[in-house]
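Report on one structure; see the data block that follows.
What follows draws every value from the coordinates through simple rules; no lab data is involved. Please read these numbers as outputs of a predicted model, since none were measured by experiment. Here the Cβ is made from the backbone with ideal geometry for all residues, glycine too, and neighbour counts use every protein chain on show.
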Amino acid sequence: MEHVAFHYSTLNDVIKEAEKLNVFLPVNEKTDVLFSPLSLGAHTAQNRIAFQPMEGTDGTEDGAPGELTCRRYRRFAQGGPGLIWFEAVATLPQARASAHQLWLTEKNVDAFRRLLDEMREISLRENGYAPLIVMQATNSGRYSKPHGFPEPLIAYHCPPLEDTPLGSERIVSDDGLKRFEEAYEASARLCQRAGFDGMDIKCCHRYLACELLSAYTRPGPYGGSYENRTRFLKNCYRAAQAAVAGPGFFLTSRLNVYDGFPYPYGFGVNERDGLQPDLEEPIRLIGELKEEFHIPVINVTMGNPYKNPHVNRPYDHGNYVPNEHPLEGEGRMMRGVSEIQRALPQVPVIGSAFSYLRQWAGNLAAGMVGGGHCAMAGFGRLAFAYPDFVRELKETGRLDPKRACVTCGGCAALLRAGTPAGCVVRDREVYHP
Ligand SMILES: Cc1cc2nc3c(=O)[nH]c(=O)nc-3n(C[C@H](O)[C@H](O)[C@H](O)COP(=O)(O)O)c2cc1C
């Protein structure tokens, strides 16, 4: 299929194209519904807009936030989202996705604390409230590159992700997985000490915990059955839970509910047709996380940014042309998010991948939240491009097309290159000095 560029002049044009393609794209002209508060356990988000985690590859070598990291989060805080889901922070040095990925340690916890204090202060001053701030704790697994070159830690051999099979020594042993689980204890303790409101045990985009969910072919206690494939994630929760105190700090996950690789290599996929979502296991898993670990919210996402980025973040330009219309990717994500929220009304769901709609992303967010398809809308690339869009939407009910994300993939290309990531089109101060 030929690539279809974003060519719409009005929101109505987008709606018509979505109808033609028969994709699920609930939009709302009015966006006020996004500005009502939402209870998340013991906490309250002041509006329904979350900024999604986005790695900037700009930490210091010892894992502390660097100058550009601090700049990014100051801008995010000023923008006024109700929740900021802080980017992937490594639980162990060997699990870093780059030599500049953040990594929370005893030595740098105060630097994180200072940044969070500053973010809350800025938002209180500018918006009259502080955002909730969740830290994403990660083990980069297959995508670990702690010294700038790949040093994969894999759950099992996955042919769709390995053109040439990796050596068997890359498969993390059962004992190795136990040690990785234990690392979440220290991360949770430090995360609470740094002042985050909660910690995400990252389980998405085919990093380690996510990859284990589809480890059908792995022998032993971490592979095969549903119980075995979810063991690592739940043990990470248990380790983290043992370290944190009080009801004010929560655990949660950003979860892939659909990988987009055929069975037996994908989670949330139909066994007969791997490109079709089957959300039975993801729904079961989220229900169990609620039951056992009292997660107050779940952040839902899909796909793998390396292999099928069109599933993860539909885009206009990129390194390859997917075999689907970008609105079909949007529709798959929105339908999946909605299916999860409807199956689990007791768990507020944060939806992902709104940025493709550019200046109408707020209308899609309002359609999703207003229609009860999710509790919050999570924005990634649009936040890089237009960090104050929340305030603008609140004040004017619309977004400026000249400031919106153009889904060019430039930010992701920077990330892949291991260099500081941000909006190459809109952030002139950094990218066009
Ligand atoms: C440069 C870049 C960095 C990202 N880093 C993370 C990350 O640290 N953790 C994560 O869960 N997702 C990460 N993502 C995915 C985004 O959070 C989001 O799911 C994706 O961009 C789709 O949302 P959007 O359409 O609003 O951009 C990243 C995406 C980009 C482009």
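Under the Kirkwood approximation applied to all pairs of distinct alpha-carbon atoms, what is the hydrodynamic radius of the range 266-403 in Å?
It is 15.9 Å.
Of LYS202/LYS307; LYS107/LYS290; LYS307/LYS394; LYS20/LYS394; LYS234/LYS307, which sit over 29 Å apart, Cα to Cα?
Where the Cα-Cα span goes over 29 Å, the pairs concerned are LYS107/LYS290; LYS307/LYS394; LYS20/LYS394.
Would you mind checking which residues have amide H under 5 Å from VAL89's amide H? H placed 1.01 Å from N; only 5 or more apart, or other chain.
GLN136, ALA137, THR138
With an 8 Å Cα cut-off and a minimum separation of 6 or more residues, compute the relative contact order for the range 322-372 in percent.
34 percent.
Only helical DSSP H runs with n ≥ 4 go in: add -39500 (n - 2.57) per run for the chain, normalise by residue count and round the 222 nm mean residue ellipticity to 500 deg cm²/dmol.
About -10500 deg cm²/dmol.
What are the ³J(HN,Hα) values, in whole Hz, obtained from phi via the Karplus relation 6.51 cos²θ - 1.76 cosθ + 1.60 with θ = phi - 60°, for each residue of the range 276-285 in sequence order, with x given for Gly and Pro?
8, x, 9, 8, 4, 5, x, 5, 4, 5
Apply the Karplus curve 6.51 cos²θ - 1.76 cosθ + 1.60, θ = phi - 60°, to the phi angles in the range 180-188 and return the couplings in whole Hz, x for Gly and Pro.
Per-residue couplings from phi come out as 5, 4, 4, 4, 5, 5, 5, 4, 5 Hz.
Please express the shape of the range 168-228 as an equivalent ellipsoid: the semi-axes are the square roots of 5 times the eigenvalues of the C-alpha gyration tensor, given largest first in whole angstrom.
26, 13, 10
Residue by residue, what Karplus-based ³J(HN,Hα) values in Hz, rounded to whole numbers, does the range 166-174 have, using 6.51, -1.76 and 1.60 with θ = phi - 60° and x for Gly and Pro?
Once rounded to whole Hz, the list reads 6, x, 4, 5, 7, 6, 6, 6, 4.
Counting Lys +1, Arg +1, Asp -1, Glu -1, what net charge surrounds PRO264 among other residues with beta carbon under 15 Å of its beta carbon?
In short, -3.
Just report the Cα centroid separation between the range 317-388 and the range 20-88, whole Å.
13 Å
Taking the inverse of the average 1/r across all pairs of different Cα atoms in the chain, what Kirkwood radius in Å do you get?
21.4 Å
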